[in-house]
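Below is one structure, written out as structure tokens; the observations come after it.
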Amino acid sequence: MSDSLLKDVEVTNRVSKVVSTGSSPAFFSCWDMHSYYGESYIVQGVSFDIREGEVLALLGRNGAGKTSTLRSIARVDSPEVSRGEIWLDHKPLHHMQSHEAAQNGVALVPEDRRIIQGLTVEENLQLAQINPPIGWSIERIYEHFPRLAERRKQMGTTLSGGEQQMLAVARALARDIKLLLLDEPYEGLAPVIVQEIANIVDSIKKRGITTIIVEQNAVAALRLADRAIILDMGQIVFDGTAEDVLTNDELRHEYLAI
């Protein structure tokens with residue numbers, strides 16, 4: 001790596017650890033987060049802020065710690081967060097269980113989508129809602145996902161991969177969410193379906209929902225994002241605009257292999 005790029009990375013790494021301390025704190029903040037899978041030290045002191053309605057692309061090579069970062073934010077059982085703080089809309093998430101984080105507005109759409117077997121499309125959506133519904137209504141979801149409306153009575157697990165991804169995102173929106181976490185939403189999808197999913201995420205962005213997207217298709221993610229963070233070996237090596245990554249060939253080659 002060139003001396004100039006190394007200097008930029010070192011400066012960015014230091015800046016990324018500075019947390020907003022002004023009178024208007026970030027909508028979401030992750031402060032010095034450390035996470036483990038058993039004895040494996042995966043997330044190593046990650047800190048970043050997100051403004052409300054911003055879309056952040058969380059990028060890096062396989063094994064960089066991207067999915068572990070999302071799972072730590074969502075407070076799922078694994079990985080275990082051993083140190084650090086996670087705040088969303090002035091509420092601390094770092095002491096919460098996963099269901100408590102979900103109740104406070106965090107929605108994780110995992111890579112495997114986890115469509116519930118034995119339920120129709122509509123039943124999957126209804127199960128995600130509470131009474132009375134305070135997230136998107138079923139009717140509103142169908143307006144944004146017309147393909148799901150056409151298949152509302154079809155078993156969710158019999159949908160195509162792209163349709164299952166639509167259902168997984170729609171199911172998250174059926175709740176009252178503040179932070180949407182998308183883990184590899186384009187994985188295994190044909191280019192035409194990738195574009196369709198991208199259009200849906202862009203529509204969500206226009207609705208002002210704060211989003212973090214982890215995606216190996218870095219260029220597609222960057223085209224949607226306002227900002228980008230690149231992880232390497234569990235640490236932040238770049239925090240800047242998505243445009244900065246798209247226009248920096250050396251940075252993309254060094255950390256994203258594109």
field: Entry for Rg/Rh (Cα atoms, Kirkwood Rh) (calculated from the structure that is shown) out of (i) 1.39; (ii) 0.97; (iii) 0.93
entry: (ii)
message: Sorting check: for 139-145, 29-35, which peptide has the highest mean count of neighbouring beta carbons within 10 Å, and how do the rest follow?
response: 29-35, 139-145
query: Per-residue HN-Hα couplings for region 44-60, Karplus 6.51 cos²θ - 1.76 cosθ + 1.60 at θ = phi - 60°, whole Hz, x for Gly and Pro?
result: 10, x, 7, 9, 6, 10, 9, 7, 4, x, 7, 10, 10, 8, 9, 10, x
task: For an R0 of 45 angstrom, estimate the FRET efficiency from the Cβ-Cβ distance between residue 80 and residue 149 and round to the nearest 0.05.
output: 0.65
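Between residue 243 and residue 90, what is 0.36 nm times their sequence separation minus the Cα-Cα distance? Round to one decimal in nm. Write down the numbers at each step before the final one.
Values: separation 153, 0.36 × 153 = 55.08 nm, distance 2.92 nm.
Working it through step by step, the gained length comes to 52.2 nm.
Just how large is the dipole of region 16-169 about the Cα centre, in debye to the nearest 20, putting +1 at every Lys and Arg Cβ and -1 at every Asp and Glu Cβ?
Numbers: 15 positive and 18 negative charges, 46 e Å.
Computed charge dipole of region 16-169: roughly 220 debye.
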message: Using amide H atoms built in the peptide plane, which far-off residues or other-chain residues are under 5 Å from residue 238 H to H?
response: 230
query: Taking the chain, how many lysine pairs are there with alpha carbons less than 27 Å apart, if each pair must be eight or more places apart or span two chains?
result: 15
query: Would you list 36, 255 from fewest to most Cβ contacts within 10 Å?
result: 36, 255
message: Given points 7 Å out from each Cα along the Cα-Cβ axis, report the residue 134 to residue 233 separation in nanometres with one decimal.
response: 4.5 nm
statement: For 114-121, 170-177, ranked highest to lowest by mean beta-carbon neighbours within 10 Å, the order is 170-177, 114-121
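Each reported figure results from applying straightforward, stated rules to the coordinates on display, with no laboratory input. Since we're looking at a predicted model, the values are computed, not measured. With ideal geometry, Cβ positions are generated from the backbone for all residues, glycine too; neighbour counts draw on all protein chains shown.
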